[in-house]
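Worksheet for the structure shown next.
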Amino acid sequence: MGNFRNPETDLHQTADLAVESFLENGIANYTKMRNFDFGRGKHRAVSQLSLYISHGVINEFDLVKRVLDRYSIELVEKYIQELFWRVYWKGWLEHRHSVYRDLAHDQTASNIGYARAITGQTGIECFDDWVDELKSDNYLHNHSRMWFASIWIFTLKLPWQLGAKFFQEHLYDGDPASNTLSWRWVAGLQTQGKNYLARSTNIQKFTQGRYGDTSLNESAASLVERGGYEIETPLFPEKNNPNNKKLLVFDNQLSINSEFIIKGDYEEILVLVLDNNNRLIQVDDKVINFKRKLAESFCNHVKSSILIDPKLLGAYLSGSEEIDVLYPTVGDNLYFINNLAQGEGFTTNFLVRKLDRFCWNFAKKGFFSFKKNIPSIIDKLYLAN
């Protein structure tokens, strides 16, 4: 399988080819081999599609259907579950959006240990190598992300919030829900009292002995959170339909097959990639450039679409009473447009996919409660097509 993390211009076609390559050459062995990290540039055991999924270039539901059109659920169940983990994380955060707001505004101070960690100078060989890979390639294997987070929290004893921000800063596939809640899960906050501990023998096994005996804290207790988070009223409307001539699309909703774009009658589709001046959590310049390339690819496919500078959006919409917006889900994009609308005096008509809305109803509790509903979600997916 080729490396699809250095695409050129038509990134939507590149993403589609990457899906086909994985379905033909990788998915059959996914369950058996997915936990192995063979090293930098050798992530052949996993799909490497997350950077496209996180930006909406590949839609989770479309991908589920493409997989099940070709393979039996028994053969690909683990991969289907991993896709639904992404859907679940988003739904959970929609019902507890304060979690991301608190992370973004967290003022946890850094120290010399933090400086050593983010420069790969901890003396823990595997961790330092992953720092270099993360910053150079803007990617890490999922198993290594779990080991990394565990070492960060329990061995290096650094705040999980700083680690989550570090990942969000550098990952091409950085997603507010998946990233934030995965870090909380490792810390033992998401499933309270059940943390994930990286073990030297486990790292040695699944890196095929690249890393030998590593001294780690393998008996740490879960972190404890004061108060916790109650279910909140979602920030999206109960019902929605296209209602305007202008549509706003953020960099995480870049599907050229969006039902709203296909069925809508828009005179203008404004595509927005936030710069760091408008983000709650700063990201690396390479990440912003990658997002812009994806947005440019979208504009090349979708008529009447233009990439607009965030600094000009307020003036551009001045005088508008309402604009349709593909709902960007909880994260920097949502907080940006809500603040801008309030400041400029226009309203947003958020458009939410029906399948998202349906799935998010099951995401108020733990994943295993959500998992029970996956068969009915798949049934609804096929009925929708």
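The values are calculated or read from the model by the stated rules, or taken from the named source; none is laboratory data. Quantities reported herein were computed from a predicted structural model and do not represent experimental measurements. Note: ideal-geometry Cβ built from the backbone for every residue, glycine included; neighbour counts use all protein chains shown.
Within the set Tyr100, Tyr88, Tyr79, the sole residue that is in contact with a Pro (Cβ under 9 Å, 6 or more places away or on another chain) and of a type in the set (Phe, Trp, Tyr) turns out to be Tyr100. Screening segment 1-81 for helices (runs of 4 or more DSSP H) wholly inside it with 2 or more residues that are at pLDDT 95 or above and exposed (fewer than 15 other Cβ atoms within 10 Å of the Cβ) returns the ranges 11-25, 30-33. Scanning segment 90-115 for residues that are assigned to a loop (DSSP other than H, G, I, E, B) and among the β-branched types (Val, Ile, Thr) yields a single hit, Thr108.
Of all residues in segment 289-320, those being among the polar types (S, T, N, Q), surrounded by 18 or more Cβ atoms within 10 Å (Cβ to Cβ) and under 22 Å from the mean Cα position of the chain (by Cα) number 1.
Condition check ((1) free of Cβ contacts under 8 Å to residues at least 12 places away in the same chain; (2) buried (at least 17 other Cβ atoms within 10 Å of the Cβ); (3) not assigned by TED's automatic domain parsing to the domain that holds Lys364) across all residues:
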site	(1), (2), (3)
Thr233	yes, no, yes
Asn257	no, no, yes
Ile261	no, yes, yes
Glu268	no, no, yes
Val287	no, yes, yes
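Among the residues of segment 153-205, the ones that are part of a helix (DSSP H, G or I) and within 20 Å of the chain's Cα centre (by Cα) come to 23 in all. Within segment 209-256, being farther than 26 Å from Trp160 by Cβ, within 24 Å of the chain's Cα centre (by Cα) and modelled with pLDDT of 95 or more holds for Leu247, Leu248, Val249, Phe250, Gln253, Leu254, Ser255, Ile256.
Given the criteria hydrophobic (A, V, I, L, M, F, W, C) and part of a strand (DSSP E or B), does Leu235 qualify? Criteria not met by Leu235.
Applying the criterion of being in a helix (DSSP H, G or I) and among the aromatic types (Phe, Trp, Tyr) to the residues of segment 116-141, the residue that is surrounded by the most Cβ atoms within 10 Å (Cβ to Cβ) is Phe127.
Please determine whether any residue of segment 77-89 is free of Cβ contacts under 8 Å to residues at least 40 places away in the same chain, closer than 20 Å to Asp137 by Cβ and not basic (Lys, Arg). No, that holds for no residue.
Thr201 - would you say it is of a type in the set (Ser, Thr, Tyr), touching a helix residue (DSSP H, G or I) at 6+ places or on another chain (Cβ under 7 Å), within 28 Å of Ser50 (Cβ to Cβ) and not assigned by TED's automatic domain parsing to the domain that holds Lys90? So Thr201 fails the test.
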